[in-house]
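> Got a structure here, written out as structure tokens. Questions coming.
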Amino acid sequence: MAVDVLIVEDDEAMAGALTAAVESAGHHPQRVSRGADALLSHRSFQVILLDLGLPDMDGLEVLRKLRQVTNVPILILTARDDERSVVLGLRSGADDYLVKPVKLVELLARIEAVTRRAGRAGGVPQEDIIVLDDLAIDLNRRTASRGAAPLPLTATEFELLALLARHAGSVVTREQILDALWGDAFLASSRSLDVHLTGLRAKLQKPGFIINVRGVGYRVEAGGA
């Protein structure tokens, strides 16, 4: 499915390569070079590729501002040694990240994965509500609450929680999670998974609820604190 992709990148060569790659897959890219322009034009796009090093604004600040007004999938672009920014970006609501120089196959796979997830979110409504202890997960409204308090989950954190909750009591492997959330069990998304899982656990505040099964994956245990 072709989507409109906003490329926020100030480097001319990188922007050209990204534009050509996105067009080669049949998508419709538009490039802006400033964070301010991204904030003005984001409404017209289904995916945003966001460089963290912009001339007018910090990329993380652009991300935070975008997340206040849109749930559109956002992939951040970063240098290999910029791990701190990657973690901050994922915790601020980015769906995933890409390391420069971006590999064509990986870029297209990530775009496909996030658009597929967004499509599921807007697909046929589900009426299921999963209740585990004091945690309620509404798969239709894509909300989660603990007791009467709503949990401020990012889109990816919700996807992760819903996946684990659907298989409560059973182990979900890391490969299954990577395949379900990022579209390919063998993409280098392990760091993304770790960061989103850490953020989810912090927001749930339920020690013992999501259990690590060493070398395999994770299991949700009803009855966790």
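The values are calculated or read from the model by the stated rules, or taken from the named source; none is laboratory data. Small disclaimer: the values here were computed from a predicted structure and weren't measured. Here Cβ is always computed from backbone atoms with ideal geometry, including for glycine, and neighbour counts include all displayed protein chains. Quick note on the areas: whole protein, heavy atoms, side chains included, nothing else; ligands and nucleic acids left out. Shrake-Rupley method; radii C 1.70, N 1.55, O 1.52, S 1.80 Å.
> Condition (residue is under 18 Å from R91 (Cα atoms), small (G, A, S) and in contact with a Leu (Cβ under 9 Å, 6 or more places away or on another chain)) applied to region 143-156: is it met by at least one residue?
yes
> Can you tell me which residues in region 55-75 are open to solvent by 60 Å² or more (accessible area, probe 1.4 Å) and part of a strand (DSSP E or B)?
Correct list: D58 only.
> Note down all Cβ pairs under 8 Å where the first residue falls in region 72-98 and is closer than 18 Å to V22 by Cα, the second is of a type in the set (F, W, Y) and open to solvent by less than 30 Å² (accessible area, probe 1.4 Å), and they're at least six residues apart or on different chains.
Matching pairs, first to second residue: V72/F45; D96/W182.
> For region 6-54, enumerate the residues that are touching a residue at least 24 places away in the same chain (Cβ under 8 Å), open to solvent by 70 Å² or more (accessible area, probe 1.4 Å) and more than 20 Å from A94 (Cα to Cα).
Matches in region 6-54: D11, S24, H28.
> Which of the following residues is outside any loop (DSSP other than H, G, I, E, B), surrounded by 14 or more Cβ atoms within 10 Å (Cβ to Cβ) and in contact with a Leu (Cβ under 9 Å, 6 or more places away or on another chain): L108, L88?
L88
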